[in-house]
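Read through the structure below, which is laid out as structure tokens, and then see the notes.
The values are calculated or read from the model by the stated rules, or taken from the named source; none is laboratory data. Since the structure is predicted, the reported quantities are computational estimates derived from the model, not experimental observations. Positions of Cβ are generated from backbone atoms using ideal geometry, with glycine treated the same way; all protein chains shown enter the neighbour counts.
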Amino acid sequence: MKEEQRYRSWVEVDLDNFSRNWTEIKRLVGPGVKVLQVVKADAYGHGAIEISNMALKNGAGFLGVANADEGVQLRVGGIDAPIVILGPATDSEINEIIKYHLTPSVSNLRFARELERRLEKAGIRLPVHIEVDTGMGRGGTIQREAFPMIQEVLRMTPISVEGIFTHLSSSEVEDDSYNRMQWMLFQDLLRQLEEKGIRIPFRHMSNSGGVLNFPEFNLDMVRPGIMTYGIYPGENTVSKALLNPVMSFKTSIVLLKDFPEGYGIGYGRTYVTGRPTRIATIPVGYGDGYGVILSNQGEALIRGKRAPIVGRVSMDMCTLDVSHIPECEIGDEVVLMGRQEGGYISANEIAAKAKSISYEILCALGKRAPRIFVHKGKPDSVEPRLRRIFIPDEEKSVSRIDSMIRRCFQAKARDEELGDAIYYEMFEALFGKEDRQLELRDHFKYDIRVRDFSEEEKAADGQAENYFKVTTHIEYTKTLRNEIFFIGCAMNNRQLAALFADARCEYRWLLSEQNNPFRESDFQVERVRVDNEDVPIIRAGKTERGYEVWCGGDALNRKLGRPVKIEIEVATKKFKSSNVFAVFIVYPTRGLEITFNHGDTRMKNVREVSFFSGRHPNPEVTKEEGKSVRIKVGDKNWIFPTSGVIFIWDL
């Protein structure tokens, strides 16, 4: 019995072929050139989140999108890698660019100044790529006007010029002198910058055609798009790389009928049978991106044989002449693009008939069909992700949360990544803020050590008798948003609230108001590390928010947008008259361990009162009498804000 088809029509995306194409790209550009994977337009219709994840696994350093919405969807889908908006952004997109740490392209000073103004207000620094128009006549600043503009953008403190690029207008044409002219103009600008001591880290020019036809244009980075999806940008490039098509568009026969000679098929009777004819109906039409222009000229594969489209393509259906395939049946697989039993219909072939280009075919074909991902030879081994989530400006309401929960059940998630994407959207609705991207933290560890001051320390400080000496070591994994951040010490709740409002504040401490006047020795940041490397302290001093210790620097630029392990060690003190110590969790956190070490004090009857919200509200508690209390939540379990624990003791 024929296996029942799961969908009316579907798009198969072969991630194994995508990886093979990536192997070719790495062979062509070599190890010294970064690769930005272009994933705009839902990765040319292939599924942006799934393609992005596979590109990153293959070594992509950046992802390229067309606008902020596409970047937000990747972020909400759990992708932390650098995302470059390749076209000019609008002012209305700036808030999302800042919140989701996207990298905009700058084509004019007006946009750069508005971005600078809003970045200063947000108190963060953001990388940008300068686009230069060397002859494309589209985005970018005109080459002859670029140098002074770049100089001014470089003076904008909250903006880091990370990249500079231009775009080839006819890279698929190997011998076109216009490409050489664009190259010379771009080189002239780069030379002018270097003569002034300006070296922008990532210089990029080549798209797919550039990679294949002009290897000397590679510079620091290339931006392949169409070739990663297995499509050659021009006939002359076929011999230069071995590419494998990634997308197939499939459906099945839903109806078979036999018609006599002279019977009209479809709207307008544009096809009339010239003999007794067997017609198969398939549930695909121009609503699926299979254009009307393919009426009476498109073809499909059935049982490895080509069958012509006859009659006009309608919105949801079209018809094929299968008289020469008498063995075909209802339910048979039909391939409109892709391979079947040795037969092959390419995107380029469809584009030629539709008087279009392969790019448009990939983006449009099967646009309302589900994506089935083939990985390691197995279909459905990668569950389709939530690739069309839209978070900004959407009402965070009970009905929306209810919708998300329903989708959780409907998705029947089979892997952790899909679960994480659903979790993220729920967290954004519940805990997200309008002016910043939601922070998620993993493997949170907080080691607190409390002891009495020594006699020598008491002699040196007349107030020490009234305090405990406290050292804390905190560590967690999070996506790094700022290359410069600070650790704050507040003297009152008003100052503490101000520290919480600043996205650059990584750690906050509330020192008793009884500690007056404040001395720098009362709060010392002894060490800050990111990914096991020490981070320098830039400055420290008192502000309206209390005492701030700033650290970081340009060395962290390469880690922006990526998960990092952060460690902070602080030495401070706590007033003895208060016999409580509170730890609050202010971000959604997965996995937690808090240890309160009190063995070097005279504390008695130390106990904990925990208030945890999440799937496992009752953490594991381990006590070592007279020494420590440890609170633990498993690494796979989420803890929601505002959770925490209060340690209480007697003296």
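Can I150 be described as over 26 Å from the mean Cα position of the chain (by Cα), closer than 21 Å to G64 by Cβ, surrounded by 15 or more Cβ atoms within 10 Å (Cβ to Cβ) and in the same structural domain as G61 (by TED's automatic domain parsing)? The answer is yes for I150.
Within the range 232-258, the residues that satisfy the criterion of being out of contact with any Pro (no Cβ under 7 Å at 6 or more places or on another chain) and of a type in the set (A, V, I, L, M, F, W, C) are V238, A241, L242, L243, V246, M247, F249, I253, L255, L256. In the set E120, E114, E50, E70, only one residue is touching a residue at least 40 places away in the same chain (Cβ under 8 Å) and of a type in the set (D, E, K, R); that residue is E50.
Whether any residue in the range 596-609 is farther than 9 Å from F647 by Cβ and under 34 Å from the mean Cα position of the chain (by Cα) is what I want to check. Checked against the condition, which is being farther than 9 Å from F647 by Cβ and under 34 Å from the mean Cα position of the chain (by Cα), the range 596-609 yields no hits at all.
Residues in the range 473-481: is at least one buried (at least 16 other Cβ atoms within 10 Å of the Cβ), within 30 Å of K99 (Cα to Cα) and at pLDDT below 85? The answer is yes, given that some residue of the range 473-481 is buried (at least 16 other Cβ atoms within 10 Å of the Cβ), within 30 Å of K99 (Cα to Cα) and at pLDDT below 85.
Can you find even one residue in the range 40-58 that is more than 22 Å from L242 (Cβ to Cβ) and touching a Ser or Thr at 6+ places or on another chain (Cβ under 9 Å)? Within the range 40-58, not a single residue is more than 22 Å from L242 (Cβ to Cβ) and touching a Ser or Thr at 6+ places or on another chain (Cβ under 9 Å). Per the conditions (1) touching a strand residue (DSSP E or B) at 6+ places or on another chain (Cβ under 7 Å); (2) part of a loop (DSSP other than H, G, I, E, B), the sole criterion not satisfied by P517 is (1). In the range 602-643, the residue that is modelled with the lowest pLDDT out of those that are assigned to a loop (DSSP other than H, G, I, E, B) and either in contact with a His (Cβ under 9 Å, 6 or more places away or on another chain) or under 30 Å from S454 (Cα atoms) (or both) is R602. Considering G78, G71, G139, which residue is at pLDDT 90 or above and not in a helix (DSSP H, G or I)? So the residue among G78, G71, G139 that is at pLDDT 90 or above and not in a helix (DSSP H, G or I) is G139. Answer with yes or no whether G264 is small (G, A, S), without any contact (Cβ under 8 Å) to a residue 60 or more places away in the chain and over 24 Å from E329 (Cβ atoms). The answer is yes for G264. Residues that are acidic (D, E), modelled with pLDDT of 90 or more and surrounded by fewer than 20 Cβ atoms within 10 Å (Cβ to Cβ) do not occur anywhere in the range 490-505. Any residue at all in the range 161-170 that is small (G, A, S), in a loop (DSSP other than H, G, I, E, B) and on the phi < 0 side of the Ramachandran plot? Yes, some residue in the range 161-170 is small (G, A, S), in a loop (DSSP other than H, G, I, E, B) and on the phi < 0 side of the Ramachandran plot. For the range 200-223, the condition of being over 22 Å from K26 (Cα atoms) and either touching a Cys at 6+ places or on another chain (Cβ under 9 Å) or not hydrophobic (A, V, I, L, M, F, W, C) (or both) holds for none of the residues.
Of all residues in the range 325-359, those that are surrounded by fewer than 19 Cβ atoms within 10 Å (Cβ to Cβ), in contact with a helix residue (DSSP H, G or I) (Cβ under 7 Å, 6 or more places away or on another chain) and over 23 Å from Y267 (Cβ atoms) total 4.
Checking S356 against (1) assigned to a loop (DSSP other than H, G, I, E, B); (2) under 20 Å from D14 (Cβ atoms); (3) of a type in the set (G, A, S), only one condition comes out false. Which one? The failed condition is (2).
Note on the range 212-253: residues that are outside any helix (DSSP H, G or I), of a type in the set (D, E, K, R) and over 24 Å from the mean Cα position of the chain (by Cα) total 1. Only helices (runs of 4 or more DSSP H) whose full extent lies in the range 1-59 are considered here, and none of them has at least 1 residues that are outside the structural domain of L212 (by TED's automatic domain parsing), under 21 Å from G78 (Cβ atoms) and among the acidic types (D, E).
With respect to N17, determine if the residue is of a type in the set (S, T, N, Q) and farther than 25 Å from L126 by Cα. Spell out how you get there, then give the answer.
On the way: of a type in the set (S, T, N, Q): yes; farther than 25 Å from L126 by Cα: yes.
Taking the combined requirement at face value, the residue satisfies it.
Scoring D16 on the criteria (1) of a type outside the set (A, V, I, L, M); (2) surrounded by fewer than 21 Cβ atoms within 10 Å (Cβ to Cβ); (3) at pLDDT 90 or above; (4) over 19 Å from H375 (Cα atoms) leaves a single failure, condition (4).
Against the list (1) under 32 Å from the mean Cα position of the chain (by Cα); (2) among the acidic types (D, E); (3) surrounded by fewer than 20 Cβ atoms within 10 Å (Cβ to Cβ), the condition D461 fails is (1). Report, by residue number, each residue of the range 170-205 that is of a type in the set (S, T, Y) and surrounded by 17 or more Cβ atoms within 10 Å (Cβ to Cβ). Listed by number, the list holds a single entry, S171.
Condition first: outside any strand (DSSP E or B) and out of contact with any Leu (no Cβ under 6 Å at 6 or more places or on another chain). Now tell me which residues in the range 461-490 satisfy that.
Within the range 461-490, the first condition is being outside any strand (DSSP E or B), and the residues that meet it are 461-466, 480-483.
Within the range 461-490, D461, G462, Q463, A464, E465, N466, R481, N482 meet the criteria.
Screening the range 609-651 for residues that are aromatic (F, W, Y) and closer than 24 Å to F468 by Cβ and picking the one that is surrounded by the most Cβ atoms within 10 Å (Cβ to Cβ) gives F647. If only residues of the range 223-244 that are in contact with a Gly (Cβ under 7 Å, 6 or more places away or on another chain) and buried (at least 21 other Cβ atoms within 10 Å of the Cβ) are counted, the one that is modelled with the lowest pLDDT is P233.
The set of residues from the range 610-651 being small (G, A, S) and over 36 Å from the mean Cα position of the chain (by Cα) comprises G626, S628. Exactly one residue out of R529, R545, R562 is buried (at least 19 other Cβ atoms within 10 Å of the Cβ), of a type outside the set (D, E) and under 27 Å from S643 (Cα atoms): that is R545. Condition test on G209, is it in a loop (DSSP other than H, G, I, E, B) and more than 22 Å from D14 (Cα to Cα)? No.
Select, from V284, V322, V313, V272, the only residue that is hydrophobic (A, V, I, L, M, F, W, C), crowded, with 19+ Cβ neighbours inside 10 Å, over 24 Å from R371 (Cα atoms) and out of contact with any Asp or Glu (no Cβ under 7 Å at 6 or more places or on another chain).
On the way: V284 fails: over 24 Å from R371 (Cα atoms); V313 fails: over 24 Å from R371 (Cα atoms); V272 fails: crowded, with 19+ Cβ neighbours inside 10 Å.
Just one listed residue meets the conditions, V322.
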